[in-house]
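The values are calculated or read from the model by the stated rules, or taken from the named source; none is laboratory data. A quick note: this is a predicted structure, and the numbers were derived from the prediction, not measured. Here the Cβ is made from the backbone with ideal geometry for all residues, glycine too, and neighbour counts use every protein chain on show. Accessible surface areas use protein heavy atoms only, side chains included; no ligands, DNA or RNA. Shrake-Rupley method; radii C 1.70, N 1.55, O 1.52, S 1.80 Å.
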Amino acid sequence: MFRYAIPAASFTLALLPCARAAETEATPVERLTVKEGFKVERLYSVPKGELGSWVVLCKDDKGRLIAGDQYGALYRMPAPAPGAVLDRGQIEKIELNIGHAWGLCYAFDALYVVVNDKSHGGRGLYRVKDTDGDDTFDKVELLKKFEEVGGEHGPHAVVPAPDGKSLYVACGNQTSLPSDYDRSRVTECWGEDSLLPRVYGRGFMKGVHAPRGWVCKTDPDGKEWEVIATGFRNQYDIDFDADGELFTYDADMEWDMNTPWYRPTRINHVISGAEFGWRNGSAKWPDYYSDSFGAAVDIGPGSPTGVLFGTGTKFPAKYQRAFFAADWSYGKLYAVHLEPDGASYTGSFEEFVAGQPLPLTDLAVGDDGALYFTTGGRRVQSGLYRVTYVGDEDTAPVAGGNKAGADARAERHALEAYHLKQDPAAIDAAWPHLGSDDRALRFAARTALEKQPVAGWADRALAEKDPSARLGAVLSLARVGGEEYRAKALRALGELGYAELGKQDRFDLLRAYGLVFMRLGAPTDAEKAAVIAQIDAAFPAGNRAENIELATVLAYLEAPGVAARAVELMESGPTQEEQIAMAKTVRHLGAGWTPGLQERYFKWFTRAASYKGGASFTQFIEEIKKDAVSHLDEARKAELAAILDAKPDATGPVFSAVPRKFVKNWRMDDLQPLLASGLEGGRDYKAGRELFGAATCFACHRFNGEGGAIGPDLTSAAGKFSPTDLLEQIIDPGQEISDQYGSMTFKMKDGSVVIGRIANLSGDTYRVITDLFAPGEMTAVDRNKVESVEPSPVSMMPPGLVNTLTDTEILDLLAYILSGGDAEHPLFQH
């Protein structure tokens with residue numbers, strides 16, 4: 001739908017009208033976009049049959065590059081001089097029994113290799129050395145064997161630590177923690193912690209439980225292993241900034257797209273003891289859970305690969321500090337600009353280099369100050385590229401780290417010192433931060449507390465007067481305490497007035513109840529009644545996330561009336577995500593159903609059958625329905641047969657239970673005069689949100705943490721568009737198509753045409769999204785049968801999406817988008 005309009009001066013674009021590339025060549029630079037002031041060179045097209053498809057890259061102690069084939073050997077080569085390219089004769093194969101590498105780094109006078117295959121001794125961390133000083137590697141050592149299970153979510157990166165004494169290793173969620181790790185900064189109370197049964201969809205990695213997706217620290221000999229963080233899905237790479245803070249780019253689960261549990265690819269600040277809450281199926285922990293550390297920056301759909309800070313580049317200061325993050329499937333290299341936020345970070349991102357196809361795999365900074373990157377993976381055509389700065393800005397090295405936030409980070413580090421030891425001083429040190437507004441300090445303090453004997457702080461937690469601190473302490477008590485604390489913890493939580501709590505405290509209260517029920521024991525009937533009395537009147541609340549958490553706890557407690565309210569939200573929710581969440585939450589509910597309410601519940605599945613999403617989407621909906629039907633007896637199934645067997649009439653998604661009629665084929669001339677006075681205030685926030693759904697905006701666009709992800713996130717649209725510009729984008733989507741969200745036209749040799757965006761690749765096959773409403777349904781395009789590839793002049797966002805809205809409703813929709821989801825925005829004030 002909407003596309004960000006990128007000013008023409010922002011990017012250098014040299015896209016040939018009818019671009020052709022030889023089948024043995026990596027994508028030519030003429031098909032790439034690059035940030036203004038920068039230049040991209042293709043240094044080498046890798047002969048796939050001989051040298052494979054490169055997925056890792058690093059620099060050695062002499063400034064040479066070392067690359068690795070996903071399914072084969074390692075290769076060493078010089079970084080070409082300015083203006084030069086690589087010749088095959090300059091590329092040296094490392095003639096040792098080592099390869100299938102997914103992680104490389106040169107440190108401590110050795111090449112460290114993470115192998116992700118059963119070959120060469122199997123999955124693990126290896127050290128490769130030149131023992132006789134003849135500049136030829138001659139010895140391979142296995143330092144740590146990893147679990148011999150996994151694929152592309154297995155062992156990944158290895159990087160040197162800023163302390164000059166250790167290495168950090170990252171593994172995705174198909175590899176369990178080393179069974180003999182020595183110590184853990186993460187609290188070792190592993191669990192799925194999902195209060196209600198999950199749905200699995202297609203069941204990828206079904207039955208595989210936490211802890212998974214981890215980062216560990218080890219010494220140069222790989223002898224001692226320390227767990228730093230867990231709860232990732234598939235973080236391919238990690239890197240440290242100039243302050244010694246660790247970051248990664250974690251994967252989404254594309255099969256989950258357009259469900260309430262979809263988590264976009266995201267930049268994570270990897271702090272000591274962090275748990276990031278990845279769980280399979282619908283059991284993922286949302287960002288607002290305080291026992292999960294959450295994201296620094298949400299990116300969107302994609303396939304994260306290599307990451308690297310710009311330290312050492314001859315780039316302007318902004319890009320020396322940038323965190324470069326590569327997306328393999330959509331062909332984008334992002335520059336992420338992180339800003340201190342208390343003891344952690346938030347930030348923004350922009351496209352730095354992009355192309356279709358451009359399956360980026362890894363990054364390295366050369367001794368020449370250039371940024372090198374490889375493309376390849378899954379046997380696709382591979383290449384080596386170089387990015388240099390050719391603009392006029394100063395490129396002098398940026399001295400030191402970021403002074404902003406240094407004091408808060410120092411406080412966090414002081415708390416983190418208790419993550420590996422029991423010390424009575426930890427309790428007093430942590431306590432003032434348990435209720436902190438700074439999430440990183442709050443998390444570090446809670447982890448420090450959980451590392452201490454429970455008997456030393458449980459009574460203090462239960463007696464704490466400050467609501468935020470009490471919630472943080474009781475949440476920890478629920479995680480690491482025993483059954484003997486169940487009744488006391490429930491009493492401590494029950495003393496808090498729900499309506500008097502702030503938003504995060506309300507989330508913490510509901511999460512703490514769930515953890516107590518799951519970990520310390522099921523509540524008695526009297527305890528159930530007390531919790532229902534405390535929170536029932538708040539449901540429904542004013543926001544989607546709180547409604548989900550309230551409904552979850554109330555459904556677990558079998559609260560009277562929750563079914564009726566959840567079904568009402570299911571029917572009226574403006575997004576399919578909100579509707580699905582309610583349908584899933586009450587599917588096992590036993591209390592509160594009437595025949596009429598059951599009919600309304602099951603009728604929703606006919607509407608939901610027209611909804612679209614990722615590859616598991618249909619299975620998720622079917623699983624929810626199957627679970628709900630399992631609670632019906634045979635007689636009731638027969639009575640509901642016509643509803644249960646009904647098929648949808650709609651050919652596309654219809655989010656509203658009330659059909660909308662055509663109003664007008666709106667044009668800018670019709671609406672322009674209304675903008676001046678119509679957006680001065682008094683608009684309707686609730687109506688705007690509902691209209692964002694009615695106009696199917698939520699189908700493609702994420703907004704304020706909900707909605708689809710295939711189109712751009714519109715939460716920050718007010719910073720990019722004036723009201724007039726935004727309206728023009730809605731009325732005429734094809735007026736200006738951003739390279740960031742445009743589609744490509746693939747003209748085939750047989751005369752056929754495919755229009756869409758590459759979202760996946762394998763060998764010589766492109767997987768192309770041709771319908772934004774159905775991101776899980778892709779068209780296979782054989783690269784060898786493509787005659788030409790060129791940008792499509794037609795937007796993938798269809799026109800006329802607001803033609804069922806009145807002029808007043810269009811103004812409410814504009815106000816909602818421009819508010820960034822803030823119900824208190826001046827646009828809604830009378």
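The solvent-accessible area of PHE517, taken with every protein chain present and a 1.4 Å probe, is close to 10 Å². About its Cα centre, the dipole of the range 220-343 is roughly 360 debye, where the only charges are +1 on Lys and Arg Cβ and -1 on Asp and Glu Cβ. Note on surface exposure: ILE810, ILE548 rank ILE548, ILE810 by accessible area, highest first, 1.4 Å probe. One quarter of the convex hull surface built on the alpha carbon atoms of the range 464-582 amounts to 7.0 nm², the projected area averaged over directions. When nucleic acids and ligands are ignored and a 1.4 Å probe is applied, GLU777 ends up with an accessible area of around 110 Å². Considering the dipole of the range 103-172 built from charges on the beta carbon (Lys and Arg +1, Asp and Glu -1) around the Cα centre, which of HIS156, PHE146, TYR126 is farthest to its positive end? Comparing the listed Cα positions along the dipole, PHE146 ranks first. Take every Cα pair under 8 Å whose residues are at least 6 apart in sequence, average their separation, divide by the length of the range 157-239, and the relative contact order is 42 percent. Taking trypsin sites (Lys or Arg not before Pro) across the range 144-197, the ones in a DSSP loop with at most 12 further Cβ atoms lying within 10 angstrom of their Cβ are LYS165. The accessible area of LYS139, taken with all protein chains in place and a 1.4 Å probe, comes to roughly 90 Å². Ranked by the mean number of other Cβ atoms within 10 Å of their residues, highest first, the peptides 361-369, 479-487 come out as 361-369, 479-487. List the pairs from LYS139/LYS217; LYS35/LYS332; LYS62/LYS144 whose alpha-carbon separation is above 21 Å, in the order I gave them. Violating the 21 Å limit, Cα to Cα: LYS139/LYS217; LYS62/LYS144. Working from Cα pairs under 8 Å separated by at least six residues, relative contact order for the chain is 12 percent. Of ALA107, ALA295, PHE315, which is farthest on the positive side of the dipole of the chain, counting Cα position, with +1 on Lys and Arg Cβ, -1 on Asp and Glu Cβ, and the Cα centre as origin? So the residue furthest toward the plus end is ALA295. Heavy-atom accessible area, probed at 1.4 angstrom with all protein chains present, ranks ARG379, ARG88, ARG506 as ARG379, ARG88, ARG506, highest first. What percent of all Cα-Cα pairs in the range 43-133 falls into each 10 Å bin, going from 0 up to the bin containing the maximum distance? Reading the bins upward from 0: 17, 51, 28, 4, 0. Tally up the carbon and sulfur contribution to the accessible surface of the chain as a whole percent, 1.4 Å probe, everything protein left in place. Reported share for carbon and sulfur atoms: 50 percent.
Taking the solvent-accessible surface of protein heavy atoms with a 1.4 Å probe, what is the per residue accessible area of the chain in Å²?
Per residue, the chain has 37 Å² of solvent-accessible surface.
Under 23 Å of direct C-alpha separation, and excluding same-chain neighbours fewer than eight residues apart, LYS206 reaches these lysines: LYS118, LYS284, LYS584, LYS612, LYS625, LYS626. Residues in the range 324-332 carry Karplus couplings, in order, of 8, 10, 9, 10, 6, 6, 8, x, 10 Hz; the curve used is 6.51 cos²θ - 1.76 cosθ + 1.60 with θ = phi - 60°, and Gly or Pro positions show x. Only helices enter this figure: runs of n ≥ 4 DSSP H residues, each worth -39500 (n - 2.57), summed and divided by the residues of the chain, yield -7000 deg cm²/dmol at 222 nm to the nearest 500.
Here's the picture: charge each Lys and Arg Cβ at +1 and each Asp and Glu Cβ at -1 in the chain, and of LEU475, ALA774, PHE38 the one pushed furthest to the positive end of that dipole is ALA774.
Which percent of the Cα-Cα distances in the chain go past 39 Å? So the pairs more than 39 Å apart make up 41 percent of the total in the chain.
Between the amide H of PHE38 and those of VAL390, distances stay under 5 Å, these residues lying 5 or more places away or on another chain, with hydrogens modeled in the peptide plane.
This model, with +1 at the C-beta of Lys and Arg and -1 at the C-beta of Asp and Glu, gives the chain a dipole about its Cα centre of some 1360 debye. Computed from backbone phi with θ = phi - 60° and the Karplus coefficients 6.51, -1.76 and 1.60, the 3J(HN,Hα) list for the range 507-523 is 4, 5, 4, 5, 5, 4, 4, x, 5, 4, 5, 6, 9, 9, x, 5, x Hz; x is used for glycine and proline.
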